[in-house]
Each structure stands twice: as structure tokens, then as C-alpha cells.
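Below is one structure, written out as C-alpha cells; comments come after it.
The values are calculated or read from the model by the stated rules, or taken from the named source; none is laboratory data. Bear in mind that the values here come from a model prediction, so they are computed numbers and not experimental data. So basically every Cβ, Gly included, is an ideal-geometry build from the backbone, and we count neighbours across all protein chains shown.
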Amino acid sequence: MTLTVGRAGPARATGQHGTRRRRPSSDARVAWLFLLPSLAGFAVFYLAPTLRGFWISLTDWNLLSEPRFVGLDNYRDMLADGKFWNALRITAEYVVINIGSQTVLALAIAVLMDRLTRSVLVRAAIVVPWLVPNVTVAIVTLFMLDHNVGFVNHVLELLGLEAQAFYGDSDQAIATIALVNTWRNMGYTALLFFAGMQMIPRNLYEAAAVDGAGEWTMFRRVTLPLLRPVTVLVLVVSVIGSFQIFDTVAVTTKGGPADATRVIYYYIYQKAFNEFHMGYAAAMAATLFAILIALTATQMRMLRASTSDLR
Amino acid sequence: MALPSLTAAPRRIGPRRRRIGPGRILAWVALAVLLLVTLYPFVWMLRTAFTSNRAIFNGDFSLVPADPTLINFSRVLGHASAEEAIAAGGSGAQVDFWLYLRNSVIFTAALVAGQVGFSATAAYAFARLRFRGRDALFTVFLAGLMVPPIFTVLPNFALVRDLGWLDTFPGLLAPYLLMTPFAIFFLRQFFLGIPPEIEDAATIDGAGKITVFWRIILPMSTVPLSTLAVITAVFAWNEYLWPQLTGKDDGVRLLNVALGVFAQSSPTSSPDWAGLMAAATLQVLPVLLLLIVFGRKLVNSIGFTGIK
């Protein structure tokens, strides 16, 4: 999924080109040659597995024996599976905490950078956690948040507060993972917002200042409304990403304590590769696929309704 | 040139600059705090990598370790004997760092070369060549972005297993090597921005489409191509789900996967924090190197395009 802030107009370029087409037959030969590797990659590793995934979801298959067609049994089992619903609920909780905090913090950072500094150094520093692999982030935060020797608890105790178990407490674990990933992604998301803010004409701020508007008013009346298309696109991309939380869970809590962090991705993974219920796992993955499409469609509708802000 | 500008336009500061009031100072403080929160865990990681496990469990929180040591690095790199390692609080487990680094470098380099190269030709075909079904095919490719990876991982795992490619580089690379919808979409955007007149001039001079692509389009596109290469490299370096599933064998195990295994082999009662932080430091170093070399390009390109 891509967020484009550039000005390359696809309609313009293709439209112009259409009128000056020459030798279409030779084009086609070169085109298919150029497309061959990608086409093969797409057919074998995207299209075929997508179709096969739906087929697997209709079978009982443990990876070793022949798959046995069972119709919609997997989906029926899934709807009756408390763990499935629990996984969905935990994932939703994760997405809400993660996306909520991440969006607010990223907007704050973007506004601060927009108003204070153009420094590439600041922008590079803020994006460092995003460049570090999830596995490394998981290990480093596992240590930072350790109950006994973690730095965060050290600070809490200096402040006269009680040490927390974070990853180790079933009431805190999913929020901890959500906030760790907020920490990892907020700088990156801030850069997306920042880029969007550079497209807002500066004279609007000057006019607002002449009218006596303060920073807060400018943010609410100028920045936020004009940034809305970018905001919606960023949300679409980050919500889809957020639903796919896996790495951090796999390295830190493995779904525990007491299933408190068994998100849908992790549950699918466990069903498929620990228990070898491929059909059941595929049914859940297909359901996740459907949820993501529905969510994206909803968000895209919001996007289309909001593209006219900058004339 | 009508290429979309990659660099954020420098802004005039003149008339908009305000007096330094309390609000502005407060804003700077807020930004400084956010930067500190962003970077401090890495400072702490680095500091801990030079601290002994004994000092950690004795509750030493000084920023500079009282008794700095290199034992953690030599343990992780396998230069310390098993007894030394266990005495220093390790499990005796080692990370065969150089082997895994080699694997990660092979994986990343192959993935970047394949994906950028094959996506470039495909993106050019979608942007400039006329053929029947072009736009429909492109839409289908884009739809590939919507498929959650876990959904294709199940059949892809079965496929790679049936091919006998588990624990081999071909198996590790196959799903990514030939294309990703994102890479094609990304490059197509740039190719669309190149004025067709430039190609038309070459075509009139008798150059074929392949020549135009090689001699004109590619040389003009070094910026987007290298930007995509950097983004792809970051992605490859970060990839975990698929490599840990299909590359368990030492000969193809990636650094990322090895680090996860190393973390899991550490005893939960008294984890080998110092060793883990040393290993994490070694994992972060190449990323920092990338940031130092490509920092400006990377940061500006994030402005242009966003991936998950």
C-alpha cells in the first residue's frame, strides 16, 4: 500500500501517450518479455496461493496426508471457537491502542518538526526504531521493561511508583506490545504526516496569523482539515499493518500470559505450524483477509469523501 | 525534468519566523523529550552490552558501566569458551554471528537485486508500453497488496516444502525475488512522470523499446531505483515470519532468526541480558551504517512513499 505525496499524474501521462501510440504489436512483445518474471512471481506466489488458500480452508489437512474436503466445517468450528473470538478481541484491542496512540504522537511530532526545524538529523533520529528489526526491538524492550532489572521500572521506582511486570502481566501485556510498536512506528508515521504538511500552502498560516490565530487554532483550522486525505491514507496503511502484529508477540510473550496476547496472526500461525491444522488456519486467515478488505473499503470511502479539501 | 521531486523543498523562513516565546521553548522541550524516548533504549542497549551480567543483577543503573567488559561480545561471537560464557551468565549458547551475517547479507542482496530489477522492467511495461489488458493486469497486481501475508504463507510453505526447498536460499527467497506489488507500483509512479517526448525522440532515431529502457529510462531513474533498493533492504533485514519458518538450518539461518532463537535459549529465570544486548547491538550496527550512508535519501523518500 502506498501513500503518494508526489505530483506524478498517471491519468495525464497515459492519456497523452494514448494519442501517440505507434507500432502497438512490437510493444506487446517487449511488454510481455518485461513482465515475464513478475508475472511468474505473481502467479506462483500471490495468485495461486490465494486461490489455494481458500481451497485449503475447505479441507482437513495436516500437511502430511492428502487434504480431505470438509466443506464449511472449518468456518463452522471457527465460529464456535472461543479462542478465535478471543484472538479477534485481543487483536482489536491491540489495533485500537496502537493506532490511537501512534497517530496522536506522530501528528504531534510532525507538527513540532514542521514548526521548529527542517533538520534531516532530527528526522533521521526519529525514524531509527522503525529501521531496527522487530526481533531486536522485542529483545531490547523485553530488557528495558523487565520487572526486576529493567530501566523503566528503575525510573518508576525513582518516581516513587511501583514496579510493573508489563510483558509478564496478563492485564498489561497487550497494551505493552501495542505501545512498544507505537514507539517503533511513531517516528516513521510522523515523517509521512510531515511530508503531507509540506504540501499545505504557507500563506494560509500567514493569513491565519494576521487574523490573530494562535498555534492551536492554526493546527485545528488549517493543518488538520488540509491534512485529512494524507491522514486517511496513513490510517489505511497503518491499520492493515497493525492487524498483522506477529513478530513482537512471537519473540516476547508467545501469546501468553494466559492467552492475553494471542493475537489472530499468532493463533493462525500456531494452528498451522504447531498443530498442523492447515484447513482451520486457512479458514481463519481467509476471515482475516475479508475483515481487512471490509476495513479498507470503509476507510477508502472516507478518503474519497475528503479529497476536495485542497481545491 | 518532470520527475516528482524526492527532496522536501526547502522553505523560506523569513517572514514566518516568530519571536522566541515560552511556547516555542516548550515545543522544543517536547521534541527533545520525544527524541530522548526514541533513542534512549538504544543507548541503554549499547551500555548494557559492555556491562557484566553480575552488575546488571546487582542493580547497577549507571549510564557508564562501572566495570566495562568485552566478554559479552566475545561470548556472542563464539570467542569465549563455554565455561567462560556460563561464568558470565550465558547459557553457553552462541550466535555464529559471521555465518548468520553472511546469510543475511546474501538474502538481502539477492532480494534487493531481484526485486528492483524485475520490478523495474514490469513497472516500465505498465507505465509506457501499450498492450491489451495492461490496466486490468495492473489492477490485479495491485490487489495483491491486499492479501495478508499469513494467508499466502500457508500454501507457499507447502509449495516450497514439496519442491524440497526448505532450508535453502531458493526457498527463502522465492516468494520475494521476482516481484512485490509495492515495488512495481512505486517504480511505475516514477516512470509515469518521465515526459514521453524524451522517449519519442529516441524512438524516431530508431531505438527499440528495450534500448530506450536501458539507455534512457534506467539512467534517468537512479534516484527512485536506489530509494526502492534501500527500502527493500530495510524490509529484507527485518523479515522474520517466513525466514524463521523456512530457514531453520544453520547454513541459511538469518541473523534476525538467530537472534530470536538466542533470546529463546536464554533462561527465563535469569536471562542473559548482557549477551542479548551485545547480540542486539551487532544486529543494529548494519542498520545504523545504512542510515549514516543513505540517511538523507532514506528520510526524504519516506516523505514520498509509505510502506507498512
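Name the residue that is nearest to the other protein chains (Cβ to nearest Cβ), counting only residues in the stretch A:241-258 that are more than 19 Å from B:Gln264 (Cβ to Cβ) and at pLDDT 90 or above.
The first filter runs over the stretch A:241-258 and keeps only residues more than 19 Å from B:Gln264 (Cβ to Cβ), leaving A:241-244, A:258.
Right, trim to at pLDDT 90 or above and you get A:241-244.
Details: A:Gly241: 4, A:Ser242: 9, A:Phe243: 7, A:Gln244: 6 Å.
Out of the qualifying residues, it is A:Gly241.
Kindly indicate the residue of the stretch A:259-282 that is farther than 13 Å from A:Leu88 by Cβ and among the aliphatic types (A, V, I, L, M) and also farthest from the other protein chains (Cβ to nearest Cβ) among those meeting that condition. First the steps, then the outcome.
Taking the stretch A:259-282 first, the residues farther than 13 Å from A:Leu88 by Cβ are A:260-261, A:269-282.
Checking the rest, the ones that are also among the aliphatic types (A, V, I, L, M) come to A:260, A:272, A:278, A:281-282.
Numbers: A:Ala260: 17, A:Ala272: 5, A:Met278: 6, A:Ala281: 6, A:Ala282: 6 Å.
Result: A:Ala260.
Test each condition in (1) assigned by TED's automatic domain parsing to the domain that holds B:Gln189; (2) touching a residue at least 40 places away in the same chain (Cβ under 8 Å) for B:Asn300 and report the one that comes out false.
Result: B:Asn300 passes all but (1).
Give all pairs with beta carbons closer than 6 Å in which a residue from the stretch B:206-217 that is within 11 Å of chain A (Cβ to nearest Cβ) and in contact (Cβ under 8 Å) with a residue 24 or more places away in the chain meets a residue that is outside any helix (DSSP H, G or I) and surrounded by fewer than 17 Cβ atoms within 10 Å (Cβ to Cβ); count only pairs at least 6 apart in sequence or on separate chains.
Close Cβ pairs satisfying both conditions: none exist.
Quick one: count up the residues across the stretch B:113-148 that are farther than 22 Å from B:Gly208 by Cβ and facing chain A (nearest Cβ under 7 Å).
Within the stretch B:113-148, residues that are farther than 22 Å from B:Gly208 by Cβ and facing chain A (nearest Cβ under 7 Å) number 6.
Looking at A:Ile139, A:Ile97, which one is surrounded by 22 or more Cβ atoms within 10 Å (Cβ to Cβ) and at pLDDT 90 or above?
Values: A:Ile97 fails: surrounded by 22 or more Cβ atoms within 10 Å (Cβ to Cβ).
The match here is A:Ile139.
Does B:Leu282 satisfy the condition of being assigned to a helix (DSSP H, G or I), more than 9 Å from chain A (Cβ to nearest Cβ) and over 15 Å from B:Phe73 (Cα atoms)? Can you show your working first?
Numbers: assigned to a helix (DSSP H, G or I): yes; more than 9 Å from chain A (Cβ to nearest Cβ): yes; over 15 Å from B:Phe73 (Cα atoms): no.
No: the conditions fail for B:Leu282.
Report whether or not A:Val237 is touching a Lys or Arg at 6+ places or on another chain (Cβ under 7 Å), touching a residue at least 24 places away in the same chain (Cβ under 8 Å) and in a helix (DSSP H, G or I).
On the way: touching a Lys or Arg at 6+ places or on another chain (Cβ under 7 Å): yes; touching a residue at least 24 places away in the same chain (Cβ under 8 Å): yes; in a helix (DSSP H, G or I): yes.
Yes: the conditions hold for A:Val237.
Sort out which residues of the stretch B:156-193 are under 20 Å from the mean Cα position of the chain (by Cα), without any contact (Cβ under 8 Å) to a residue 24 or more places away in the chain and facing chain A (nearest Cβ under 8 Å), and write them in order of number. Explain how you work it out, then say what you get.
Of the residues in the stretch B:156-193, the ones under 20 Å from the mean Cα position of the chain (by Cα) are B:169-187.
With the extra rule that they be without any contact (Cβ under 8 Å) to a residue 24 or more places away in the chain, the set shrinks to B:170, B:174.
Of everything in the stretch B:156-193, just one residue is under 20 Å from the mean Cα position of the chain (by Cα), without any contact (Cβ under 8 Å) to a residue 24 or more places away in the chain and facing chain A (nearest Cβ under 8 Å), namely B:Ala174.
If the requirement is being surrounded by fewer than 17 Cβ atoms within 10 Å (Cβ to Cβ), outside any loop (DSSP other than H, G, I, E, B) and within 10 Å of chain B (Cβ to nearest Cβ), which of these qualifies: A:Leu47, A:Leu51? Spell out the reasoning first.
Details: A:Leu47 fails: surrounded by fewer than 17 Cβ atoms within 10 Å (Cβ to Cβ).
Answer to the check: A:Leu51.
Please state which one of B:Val234, B:Val223, B:Val153, B:Val147 is free of Cβ contacts under 8 Å to residues at least 40 places away in the same chain, outside the structural domain of B:Phe294 (by TED's automatic domain parsing) and not charged (D, E, K, R).
On the way: B:Val234 fails: free of Cβ contacts under 8 Å to residues at least 40 places away in the same chain; B:Val223 fails: free of Cβ contacts under 8 Å to residues at least 40 places away in the same chain; B:Val153 fails: free of Cβ contacts under 8 Å to residues at least 40 places away in the same chain.
Every option except B:Val147 fails the conditions.
Checking the condition more than 30 Å from B:Ile302 (Cα to Cα) and β-branched (Val, Ile, Thr), which residue from A:Val149, A:Val104, A:Val128, A:Val132 passes?
On the way: A:Val104 fails: more than 30 Å from B:Ile302 (Cα to Cα); A:Val128 fails: more than 30 Å from B:Ile302 (Cα to Cα); A:Val132 fails: more than 30 Å from B:Ile302 (Cα to Cα).
Testing whether each residue is more than 30 Å from B:Ile302 (Cα to Cα) and β-branched (Val, Ile, Thr) leaves just A:Val149.
Looking only at residues in the stretch A:54-70 that are touching a residue at least 40 places away in the same chain (Cβ under 8 Å) and part of a loop (DSSP other than H, G, I, E, B), which one is farthest from the other protein chains (Cβ to nearest Cβ)?
Residue satisfying both the conditions and the ranking: A:Val70.
Suppose we filter the stretch B:255-308 for residues that are among the small types (Gly, Ala, Ser) and at pLDDT below 85; how many remain? Steps first, answer last, please.
Here is the first cut: in the stretch B:255-308, the ones among the small types (Gly, Ala, Ser) are B:258, B:260, B:263, B:265-266, B:269-270, B:274-275, B:278-280, B:295, B:301, B:303, B:306.
Right, trim to at pLDDT below 85 and you get B:263, B:265-266, B:269-270, B:295, B:301, B:303, B:306.
Matching residues across the stretch B:255-308 total 9.
Based on this model, can you work out whether A:Phe276 counts as in contact (Cβ under 8 Å) with a residue 24 or more places away in the chain and on the phi > 0 side of the Ramachandran plot? If you could, list the steps in order and put the result at the bottom.
Values: in contact (Cβ under 8 Å) with a residue 24 or more places away in the chain: yes; on the phi > 0 side of the Ramachandran plot: yes.
Yes; evaluated as a whole, the condition is true for this residue.
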